[in-house]
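What follows is calculated from the coordinates using simple rules that are stated; it is not laboratory data. Everything numeric here is computed off the predicted structure, so don't read it as measured data. Cβ atoms come from the backbone with ideal geometry, glycine included; neighbour counts cover every protein chain shown.
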Amino acid sequence: MTAMKQRTFLILVAEDKPKEIELLQTAVERAGLEHPVRFVGSPEEIMAYLSGEKEFSNRSRFPLPGVIILDPELRQNSGVGVLEWLKKRPELRAIPVIMLASQLADIQRAYELGAASYLLRPVDGDELVPVLAAIAQYWALNEPLR
C-alpha cells in the first residue's frame, strides 16, 4: 500500500473576536500544522483578500487559500453573508469553507450555500488542537475540484 501524497496549502481563518483569535493561534501552534495559516478579521478584509484587492493584490505573498475556516458569527452574523458572496464567484467557489461556530445556528443555510462543514467550536482551547489538525489533514489528502 502506497502512502497518499499530502499537499501544502494556506489555511485562511476569518475571525474578529480577539479572544477567539488568540485561542485559534495557540491551537495552530500546538497542532504543529505544516500549512501556513493567515488570519483576517472582518468580512471586508476576507473579501479583499480573496479578491486580491488593496494590500492583498500580490498573489505570491497572499495566495488563495486551500481551506477557509469562517466564523458564521463574524461581525453581526455576516459570516454566512461572506460564504454566500464567495460561492457566487466561479474562481473561488471550489475553496472548501469550514464554518467554526460557538453556537449552532444557520446550519441549514450554511450547507445550502455550499459550506463543506459546520463544526461547533470547542470551549476548551486544548480541544481545538485536534479539530484544526483533523481539518488540515483531511483537506491535505482530499483536494477539492477546481
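For the reader, a short list of remarks on this structure follows.
- Non-local lysine pairs in the chain, meaning eight or more places apart or on different chains, with alpha-carbon distances under 29 Å, amount to 8.
- The coefficient of translational diffusion for the range 70-127, derived via Stokes-Einstein from the alpha carbon Kirkwood radius under 25 °C and 0.890 mPa s, stands at 211 µm²/s.
- Note that the chain carries a Kirkwood radius of 15.5 Å, evaluated over its alpha carbons pair by pair.
- For the range 1-108, applying the loop criterion from DSSP together with a ceiling of 15 other beta carbons within 10 Å to the trypsin sites (Lys or Arg not before Pro) yields Lys5, Arg7, Arg59, Arg61, Lys88, Arg93.
- Among Leu120, Leu83, Leu74, the residue with the largest mean-square fluctuation in a Gaussian network model of the chain, with springs joining Cα atoms closer than 10 Å, is Leu120.
- Scanning the chain for long hydrophobic helices, with DSSP H runs required to stretch 18 angstrom or more by C-alpha along their axis and to average at least -0.5 on the Kyte-Doolittle scale, returns 18-31, 125-141.
- Loop GluC sites (Glu not before Pro), the range 29-111, which have at most 16 other Cβ atoms in a 10 Å radius of their Cβ (DSSP): Glu34, Glu53, Glu91
- Assigned charges on the beta-carbon of Lys, Arg, Asp, Glu; the chain dipole about Cα centre (debye): 600 debye
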